[in-house]
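See structure below.
Rule-based calculations on the coordinates, nothing more; no lab input. Note that the structure is a prediction, hence the values are computed from the model and not measured. Please note: Cβ atoms are built from the backbone with ideal geometry, for glycine as well, and neighbour counts cover all protein chains shown.
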Amino acid sequence: MKKQPLLVIEHCEPTLSEWLLLEYKHAVKLWDGNLVFTRIADNRTARVLQKLGAVQKEKAKDIFSNKKCIVLDPQAKKPLLPNDCLLCDVIIIGGLLGYEKPKGRTKKLISDKSNFETRNLGKLQLSIDGAVFVTKAIFLGLNLKDIEIAREIEIIHDTVHSTILPFGYPIIENKPVITPGLIKYLTR
Ligand SMILES: C[S@@+](CC[C@H](N)C(=O)[O-])C[C@H]1O[C@@H](n2cnc3c(N)ncnc32)[C@H](O)[C@@H]1O
């Protein structure tokens with residue numbers, strides 16, 4: 001049985017918005033293993049996240065400096081491979097919401113501040129839970145090229161209105177893997 005690495009979600013947003021919490025909840029469910037939220041400065045956020053996983057005030061770079069860690073960073077040169085997942089102790093994902101035009105915040109806030117290795121999950125910017133989905137698939141032995149990812153998805157509200165989510169979404173059985181509760185949140 002392969003040993004699943006510890007998944008770290010380094011919380012980098014100033015607040016825990018409803019959207020972010022939906023992604024975190026889905027990420028926890030998808031990983032279904034050891035998971036810790038790091039960089040949790042305030043008690044309110046800690047209380048909410050403690051229901052989902054372990055919580056640490058410090059940053060991953062300070063807690064896991066003696067472990068073999070990989071930061072998932074869209075700007076990394078190398079793609080994440082199944083073997084990387086087997087050889088590392090910890091995989092770090094940015095608790096960052098995406099912007100249509102990525103701002104390189106994973107690199108600025110996490111990769112550049114540590115000496116950890118970095119890996120990408122392809123050219124498209126994924127949501128946090130989307131990144132966890134793809135990481136889990138790679139851990140289970142798939143290669144990136146075997147994972148179908150849509151360039152964006154459109155949420156149709158009615159005959160006139162819709163919202164485009166300009167992020168990569170993994171496709172399973174012809175359906176995008178969307179954060180549970182997100183469509184309801186966006187349509188209310
Ligand atoms: C919504 S993304 C935020 C990306 C952020 N806007 C940036 O420019 O770095 C949330 C997290 O998912 C992971 N992620 C998303 N897409 C990725 C990709 N293509 N390659 C590697 N990691 C990715 C990263 O850990 C990232 O911090």
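Distant-in-sequence amide contacts of V36, defined by a placed amide H-H separation under 5 Å and a gap of 5 or more residues or a different chain, comprise L7, V8, I9.
How large is log10 I(q)/I(0) at q = 0.15, 0.20 Å⁻¹ when the Debye formula is applied to the Cα atoms of segment 98-181, each weighted equally and without solvent? Once normalised to I(0) and log-transformed, intensities are -0.64, -1.02.
Using Cβ point charges alone (K and R +1, D and E -1), the dipole size of segment 84-144 about the Cα centre works out to roughly 320 debye. Working note: Karplus 6.51/-1.76/1.60 with θ = phi - 60° gives segment 55-62 the couplings 9, 10, 6, 6, 7, 4, 4, 8 Hz, where Gly and Pro are set to x. In this calculation the C-beta distance from L186 to E13 is compared with R0 = 22 Å, giving a FRET efficiency of 0.75. Taking θ as phi - 60° and the Karplus parameters 6.51, -1.76 and 1.60, the scalar couplings of segment 31-48 work out to 5, 6, x, 4, 8, 9, 8, 10, 6, 9, 7, 9, 5, 5, 4, 4, 4, 5 Hz in sequence order, x denoting glycine and proline. Across segment 171-182, coupling constants 3J(HN,Hα) worked out from phi with the 6.51/-1.76/1.60 Karplus curve, θ = phi - 60°, read 10, 10, 6, 6, 10, x, 7, 9, 3, x, x, 6 Hz, and Gly and Pro carry x. Kindly identify segment 38-129 as rounded, prolate or oblate by the Cα gyration tensor criterion: order the square roots of the eigenvalues as a ≥ b ≥ c, call it rounded if a/c is under 1.5, otherwise compare a/b with b/c, prolate if a/b is larger, else oblate. Oblate is the answer for segment 38-129, as a/c is 1.5 or above yet b/c matches or exceeds a/b. Think of the chain as having a plus end and a minus end, set by charges on the Cβ of Lys, Arg, Asp and Glu; of A54, N120, T159, A54 sits farthest toward the positive end of this dipole.
The H on the amide N of S127, modeled in the peptide plane, is under 5 Å from the matching H of G168, each at least 5 residues off or on a different chain. Quick one: go through segment 1-36 and flag any residue whose amide nitrogen is under 17 Å from the point 7 Å out along the Cα-to-Cβ line of T163. Only 16-26 fall inside the zone, counting backbone N under 17 Å. The alpha-carbon of K61 sits under 15 angstrom from the alpha-carbons of these aspartates and glutamates, leaving out residues fewer than 8 places away in its chain: E10, D73, D89, D112, E117. Packing around the peptides 96-105, 8-17, taken as the average count of other Cβ atoms within 10 Å per residue, puts them in this order, highest first: 8-17, 96-105. Around the Cα centre of segment 1-149, unit charges on the Cβ atoms of Lys, Arg, Asp and Glu (plus for the first two, minus for the last two) sum to a dipole of about 260 debye.
Under 5 Å between amide hydrogens, built in the peptide plane, is the criterion, and for T118 it picks out V71 among residues at least 5 positions away or on other chains.
Calculated on the Cα set of the chain, radius of gyration then Dmax: 16.0, 55 Å.
Taking Cβ atoms as reference points and 9 Å as the exclusive limit, the residues near G94 contribute a net charge of -1, counting Lys and Arg as +1 and Asp and Glu as -1. Remark: relative contact order (segment 86-183) = 24 percent; criterion is Cα-Cα distance under 8 angstrom and separation of 6 or more residues.
Pairs exceeding a 31 Å alpha-carbon distance, out of K67/K136; K29/K103; K108/K175; K78/K184; K59/K123; K78/K175: K108/K175; K78/K184. Gain on full extension, evaluated as 0.36 nm per residue between R151 and N43 minus their Cα-Cα distance, stands at 35.2 nm. With both residues required to sit in the chain, DSSP beta bridges show an antiparallel share near 30%.
Here the calculated FRET efficiency for K2 and K51, from their Cβ-Cβ distance with R0 = 22 Å, stands at 0.20, rounded to the nearest 0.05.
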